[in-house]
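Working notes, structure below.
Please treat every number below as a calculation from the coordinates, not as lab data. Please read these numbers as outputs of a predicted model, since none were measured by experiment. Reconstructed Cβ throughout: ideal geometry from the backbone, glycine too, with neighbour counts over all protein chains shown.
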Amino acid sequence: MEALFESMDQIYRDLDQRLVPLMSEALCGPGCSLCCTGTGSIDINTLEGLRILRYMESLPQNIHARMRSSLAKDRKNRKQERKASCPFLRKNRTCAIYAIRPLVCRRLYSLEPCSERGPVLHKEAVSLGAGARDALQRLDWNGYSGHISYVLHLFDEPGFRTFYASGGFDPSRVMDYGKAHKLVIHRSLHGKK
Ligand code: SF4
């Protein structure tokens with residue numbers, strides 16, 4: 001997995017580098033967390049999910065437990081179609097997993113004050129972000145994408161983590177859960193490796 005995480009970081013770094021000149025015009029600043037609040041889906045892939053899980057497991061038990069509880073609450077809110085903040089947004093409006101935040105958070109900024117319409121980006125940034133997302137999905141060849149708390153919950157299924165980390169691919173074992181939670185199967189999006 002470490003080589004895959006390193007390749008994922010390289011995709012992040014390439015995107016960051018190409019976004020720097022565009023983001024110089026952004027209005028975003030410290031403490032602004034509109035992108036993390038009342039959002040639609042915060043989509044991540046399984047590779048990002050596994051790294052977030054490992055990070056959570058490295059934290060003190062009480063913080064880990066609090067994060068798991070926020071994830072469970074987020075799943076419940078979504079089931080009831082309530083708007084919810086990201087489960088990793090702290091009370092002080094900072095990100096609890098900032099160093100390993102997923103691509104979807106790295107590619108966002110806004111050229112105008114955010115409103116109901118959400119952030120306003122350069123077209124080039126949208127296209128660069130989509131390219132990086134596709135590259136990550138191809139890298140995570142045996143994986144899935146979807147909302148952050150649903151992807152993380154996949155790893156609670158007995159045996160899934162070991163099977164996935166060994167490169168195993170069997171969408172039938174997540175079919176019902178995947179359909180119910182709109183998870184995307186990477187292999188079905190990008191064809192053969
Ligand atoms: S992971 Fe962090 S940056 Fe991304 S939406 Fe959640 S709180 Fe915001």
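What the table below lists for this structure:
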{"quantity": "Candidates ASP9, ASP16, filtered to the one that is within 30 Å of ASN142 (Cα to Cα) and in contact (Cβ under 8 Å) with a residue 60 or more places away in the chain", "calculated": "ASP16"}
{"quantity": "Selected residue [more than 8 Å from the ligand (Cβ to nearest atom), closer than 22 Å to ASP156 by Cα, out of contact with any Phe, Trp or Tyr (no Cβ under 8 Å at 6 or more places or on another chain) and in contact (Cβ under 8 Å) with a residue 40 or more places away in the chain] from LEU71, LEU50", "calculated": "LEU71"}
{"quantity": "Filter result (loosely packed, with under 15 Cβ neighbours inside 10 Å and assigned to a loop (DSSP other than H, G, I, E, B)) within the stretch 5-29", "calculated": "SER24, GLU25, LEU27, GLY29"}
{"quantity": "Members of the stretch 39-56 found to be over 14 Å from the mean Cα position of the chain (by Cα) and either of a type in the set (A, V, I, L, M, F, W, C) or surrounded by fewer than 12 Cβ atoms within 10 Å (Cβ to Cβ) (or both), listed by number", "calculated": "MET56"}
{"quantity": "Residues of the stretch 115-141 classified as assigned to a helix (DSSP H, G or I), over 22 Å from GLY167 (Cβ atoms) and not acidic (Asp, Glu), total", "calculated": "9"}
{"quantity": "Flag for GLY178 being in contact with a strand residue (DSSP E or B) (Cβ under 9 Å, 6 or more places away or on another chain), assigned to a helix (DSSP H, G or I) and small (Gly, Ala, Ser)", "calculated": "yes"}
{"quantity": "Within the stretch 93-108, considering residues that are more than 8 Å from the ligand (Cβ to nearest atom) and in a helix (DSSP H, G or I), the one surrounded by the fewest Cβ atoms within 10 Å (Cβ to Cβ)", "calculated": "ALA99"}
{"quantity": "Among the candidates ARG78, ARG66, residue that is more than 25 Å from MET1 (Cβ to Cβ) and free of Cβ contacts under 8 Å to residues at least 60 places away in the same chain", "calculated": "ARG66"}
{"quantity": "Check on SER41, in a loop (DSSP other than H, G, I, E, B), among the hydroxyl-bearing types (Ser, Thr, Tyr), touching a helix residue (DSSP H, G or I) at 6+ places or on another chain (Cβ under 7 Å) and within 12 Å of the ligand (Cβ to nearest atom)", "calculated": "no"}
